[in-house]
Amino acid sequence: MESLTTRTRIEPGRLLSADAAVPEALPEREALLDLVDESGLLGRGGAAFPLGVKLRSVRAGKRTPVVIANGEEGEPMSIKDRWLLRHRPHLVLEGLRLAAHAVGADASYVYVSDAGAAVAVRTAADAGVDVVEVAPTYVAGEETAAVRAVNGGPARPSDKPPRPYEEGVGGRPTLVSNVETLAQLAYLVRHGAPAFRSLGTPGSPGTFLATVSGAGRAALYELPHGLPFGALLERHGVDPDLVRGALLGGYFAGLINRRVLDLTLDHETARRFDTGLGCGAIAVLTGVDCPVAVAASVMAYFDRENAGQCGSCFNGTAAMSAVTAALRDGVAEQTDVDRLTRWSVVLRGRGACGTLDGATNVAASLLREFPSEVAEHLRGGCTGPAYHADRPFEVTLP
């Protein structure tokens, strides 16, 4: 089974319904940077890094900067970036123009792997914005992979340092910003910081785009940060009594058990729950979704999709995939689980990108959140039909 979703619903919110009607005259550069700082706008690509800090770091470089709108959405559970690029390209491009102005860039790129997004952006873009199209892979969206691709190389991560803000495209300081972040920037400049902060929490202001799947359905929502998870379930039409847990933030953040019912959807609360919002992709696990089998499918995906550049990642994802598959099939032993436990700690931080960290997060969260299910599988594997998917909880655009 490739996916548990058959139809994707789009529910517009303030960003999804917005246009790019920002005044043609750009704000004064320092005032724009102050506005971004005041808003508290965090990146929407996964790391939730403050955009204002990123802009100022790029601007502080000694050479003229470059900006990249990163729309290479390698996370199978997410469709938000592709939807924005296909249906609100002007909003993204306006955010890109504002970001380029803020850092003093003289070159702008939109980086994509979706053919429909590429067509929409090329149709909407003015002269001076180049579209770089690459093949879709999980690692292609990493910021150093974007820089390598724009430089004419393979869309694969490179070792850091230097980071793109220090030395990126053509050796120049480079801002790599997620397309939703740029769309939020355009909204912010049009409406102001107080309006932007009118939704969300003090630490996670504004709204975010959430691709929600599971329970046989999928939807793209715009949600205020701080929304209780139970309110999301009500909106998605899922009975809380049926919830077994969730994949939160895409594959990277791993699994969470029924504690997710007490979660509010903001970064500070997610950190307290040992998880993260990531790119805003959420898969709800119900009673039919064995968390051990889901973890095995995600781990197999990491094993297939790693860049094949780092021995620790190439070998580590393969080893963890083998153990989780054996656990799913009821042929693992306690020594295998002990190894998985150790790998989830010692392999963290060893790869050039986040793929290996994502795999260790999946392993650690499975062991932490579902110990009774792990113990059951040591005694005999899944009692019902085991979940299998090459791209677990993949969501597609209508």
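Quick one: in segment 145-163, of everything that is touching a residue at least 40 places away in the same chain (Cβ under 8 Å) and of a type outside the set (Lys, Arg), which residue is surrounded by the fewest Cβ atoms within 10 Å (Cβ to Cβ)?
Within segment 145-163, the subset touching a residue at least 40 places away in the same chain (Cβ under 8 Å) is 145-147, 150, 155-160.
Still in the running and of a type outside the set (Lys, Arg): 145-147, 150, 155, 157-159.
Details: ALA145: 27, ALA146: 27, VAL147: 26, VAL150: 23, ALA155: 26, PRO157: 26, SER158: 19, ASP159: 11.
Among them, the one singled out is ASP159.
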Checklist entry - With VAL331, VAL345 as the choices, which residue is in a loop (DSSP other than H, G, I, E, B) and open to solvent by 10 Å² or more (accessible area, probe 1.4 Å)? => result VAL331
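Against the definition (open to solvent by less than 10 Å² (accessible area, probe 1.4 Å), touching a Lys or Arg at 6+ places or on another chain (Cβ under 7 Å), of a type in the set (Ser, Thr, Tyr) and at pLDDT 95 or above), how does THR174 come out, yes or no? Talk me through it step by step, then tell me what you get.
Working: open to solvent by less than 10 Å² (accessible area, probe 1.4 Å): yes; touching a Lys or Arg at 6+ places or on another chain (Cβ under 7 Å): no; of a type in the set (Ser, Thr, Tyr): yes; at pLDDT 95 or above: yes.
Taking the combined requirement at face value, the residue does not satisfy it.
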Checklist entry - Which pairs do you get when a residue that is more than 14 Å from ALA363 (Cα to Cα), found in segment 243-256, comes within reach of a residue that is assigned to a strand (DSSP E or B) and open to solvent by 10 Å² or more (accessible area, probe 1.4 Å), reach meaning Cβ atoms under 7 angstrom, with the pair 6+ apart or on two chains? => result VAL243/THR286; ARG244/THR286
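Restricting to segment 147-189, give me the number of residues that are under 22 Å from GLY52 (Cβ atoms) and not hydroxyl-bearing (Ser, Thr, Tyr).
Within segment 147-189, the first condition is being under 22 Å from GLY52 (Cβ atoms), and the residues that meet it are 147, 160-169, 172-189.
Filter once more, keeping what is not hydroxyl-bearing (Ser, Thr, Tyr): 147, 160-164, 166-169, 172-173, 175-176, 178-180, 182-186, 188-189.
The total comes to 24.
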Checklist entry - Would you pick out the residues in segment 185-207 that are touching a residue at least 24 places away in the same chain (Cβ under 8 Å), open to solvent by 10 Å² or more (accessible area, probe 1.4 Å) and touching a Phe, Trp or Tyr at 6+ places or on another chain (Cβ under 9 Å)? => result TYR187, GLY200
Item to check | Meets criteria (among the acidic types (Asp, Glu), surrounded by fewer than 21 Cβ atoms within 10 Å (Cβ to Cβ), modelled with pLDDT under 95 and more than 21 Å from VAL212 (Cβ to Cβ)) for GLU30 | outcome: no
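In the set ASP338, ASP274, ASP303, which member is surrounded by fewer than 24 Cβ atoms within 10 Å (Cβ to Cβ), out of contact with any Leu (no Cβ under 7 Å at 6 or more places or on another chain) and farther than 27 Å from ALA47 by Cα?
Only one candidate qualifies: ASP338.
The values are calculated or read from the model by the stated rules, or taken from the named source; none is laboratory data. From a predicted model like this one, the values you see are computed outputs, not experimental measurements. Virtual Cβ from ideal backbone geometry, glycine too; neighbours counted across all protein chains shown. Areas reflect the complete protein model, heavy atoms only, side chains present, ligands, DNA and RNA absent. Shrake-Rupley method; radii C 1.70, N 1.55, O 1.52, S 1.80 Å.
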